[in-house]
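In what follows, a structure is listed as C-alpha cells, so that the remarks can point back to it.
Here, each number is a calculation from the coordinates, and none is a lab measurement. Since the structure is predicted, the reported quantities are computational estimates derived from the model, not experimental observations. Note: ideal-geometry Cβ built from the backbone for every residue, glycine included; neighbour counts use all protein chains shown.
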C-alpha cells in the first residue's frame, strides 16, 4: 500500500479526488443555475427570492473553491472547463427560468442530485480514512438537507 504525503492511500485518494471532480462539475452547473434564476426571477415574490438566490449562489461559489482546493490537496487537477462540467453533470440545467415555483423546484432537484454524489464521497472518504474530505461532505450535506427542507416547505411540500 502506497501512501501520499498526507498519509492517505494513493489509490483511494485518486478515486475520491475523481469523485470530487464530478461534484465540482455539478456544483458549477448548480452555481450557474442559481445565477440564472437570480437574474431572471419575476413576479410577486421577486423581492423575497432575488436575495435568497444571491445568498445561495454566493455560498455555492465558496463551495466550488473548497472542492477544487480539496482535489488539489489530494493530488489531482480540478476540472475547469465548461466542456468538462457538461460531461460530468448529473443535475438539470435550468434555462430561462423566471417563474418562482420552477426556480425553487430547480434548486430542490439540483440539491437532491448533489446530495447523492456527496453521500457517496462521504462513504468512500470514510473507508479511506480521509477525514478532510469526510468533514467537508458532512458540512455540505447538513446545510443542503436544511435548504431542501426549507425550499420544499416554501413549495408547500414535505421532505
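Quick check: the angle from helix 131-154's long axis to the longest principal axis of the chain, C-alpha only, nearest 10 degrees? Helix 131-154 sits at roughly 10 degrees to that axis.
Rg/Rh for the chain to two decimals, with Rh computed the Kirkwood way over all alpha-carbon pairs.
Values: Rg = 16.6 Å, Rh = 16.3 Å.
Here Rg/Rh amounts to 1.02.
Taking a quarter of the surface of the Cα convex hull of segment 1-88 gives a mean projected area of 6.4 nm².
The per residue volume of the convex hull around the alpha-carbon atoms of segment 31-73 is 43 Å³.
Over the chain, Cα pairs under 8 Å with separation of 6+ residues give a relative contact order of 28 percent.
Counting other beta carbons within 10 Å of each residue's own, what order do 151, 137 fall into, fewest first?
Working: 151 21, 137 27.
Neighbour counts put them in this order, fewest first: 151, 137.
Working from Cα positions, state the angle (0 to 90°, nearest 10) between the long axis of helix 46-73 and the longest principal axis of the chain. In the chain, helix 46-73 runs at an angle near 10 degrees to the longest axis.
Taking the longest Cα principal axis of the chain as reference, the axis of helix 10-40 is set at about 10 degrees.
What is the order of 93, 148, fewest Cβ neighbours within 10 Å to most? Don't jump to the answer; show the numbers that get you there.
Details: 93 13, 148 19.
Arranged by neighbour count, lowest to highest, 93, 148 become 93, 148.
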